[in-house]
Amino acid sequence: MKTATIAAAFLALALSPASGQSPGDQLTCIGKLFNRDIYPPNRMVLGDRPLIHESQITDQEGGYWRTIDRDGSPFPADQWPCGAGDTCRVVGTLAWEIRHLLLIVRDGKPIKVRWHVILDVRSVEKVEARPRAND
């Protein structure tokens with residue numbers, strides 16, 4: 001019970017609005033798009049809004065992870081002009097930011113990332129992939 005209370009308090013603090021960016025700010029991110037659909041009994045809910053058709057981008061420039069609600073866009077989730085695996089530019093409205101999300105990746109090394117949630121998408125377009133420094 002105590003662990004659940006501590007975890008709930010951490011989650012509430014982690015999902016507080018960003019201090020450097022504010023909810024409602026416009027964000028632009030460019031990176032490889034990954035799609036994921038979440039169906040009951042699993043779910044992710046922000047406020048009272050469930051995320052069902054979700055995409056994620058790791059932004060190449062800023063080093064951010066961005067979770068995007070595909071249902072919050074001007075076109076149906078299955079008709080995005082940019083598909084999974086494509087390099088995309090997404091412009092949308094910031095809903096939440098976690099400034100220091102600690103992840104343990106496959107090699108066992110912890111990394112810290114910023115995580116943004118975009119609920120209202122304004123535009124999506126496919127762009128040419130930028131070469132990485134080591135390519």
Next on the checklist: Being of a type in the set (Gly, Ala, Ser) and in a strand (DSSP E or B) is the filter here; which residues of the stretch 25-51 pass it?
Outcome noted: 31
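Yes or no: residue 93 at pLDDT 90 or above and either surrounded by 15 or more Cβ atoms within 10 Å (Cβ to Cβ) or under 10 Å from the mean Cα position of the chain (by Cα) (or both)? Steps first, answer last, please.
Values: at pLDDT 90 or above: yes; either surrounded by 15 or more Cβ atoms within 10 Å (Cβ to Cβ) or under 10 Å from the mean Cα position of the chain (by Cα) (or both): yes.
Yes; evaluated as a whole, the condition is true for this residue.
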Next on the checklist: Restricting to the stretch 36-79, count the residues that are more than 20 Å from residue 93 (Cβ to Cβ), among the acidic types (Asp, Glu) and under 15 Å from the mean Cα position of the chain (by Cα).
Outcome noted: 1
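If you go through the stretch 60-89 one residue at a time, how many are under 14 Å from residue 126 (Cα atoms), surrounded by 14 or more Cβ atoms within 10 Å (Cβ to Cβ) and either modelled with pLDDT under 85 or in contact with a Lys or Arg (Cβ under 7 Å, 6 or more places away or on another chain) (or both)? Walk me through how you get there before you give the answer.
Going through the stretch 60-89, the residues under 14 Å from residue 126 (Cα atoms) turn out to be 79-89.
From what is left, the residues that are surrounded by 14 or more Cβ atoms within 10 Å (Cβ to Cβ) are 80, 82, 86-89.
Filter once more, so that each one left must be either modelled with pLDDT under 85 or in contact with a Lys or Arg (Cβ under 7 Å, 6 or more places away or on another chain) (or both): 80, 82, 86-88.
Final tally of qualifying residues: 5.
Looking only at the stretch 102-127, which residues are in a loop (DSSP other than H, G, I, E, B) and at pLDDT 85 or above?
First, pick out the residues of the stretch 102-127 that are in a loop (DSSP other than H, G, I, E, B): 105-109, 127.
Answer for the stretch 102-127, where residues must be in a loop (DSSP other than H, G, I, E, B) and at pLDDT 85 or above: just 127.
The values are calculated or read from the model by the stated rules, or taken from the named source; none is laboratory data. What you see is a predicted model, and the numbers here were worked out from it, not measured in a lab. So basically every Cβ, Gly included, is an ideal-geometry build from the backbone, and we count neighbours across all protein chains shown.
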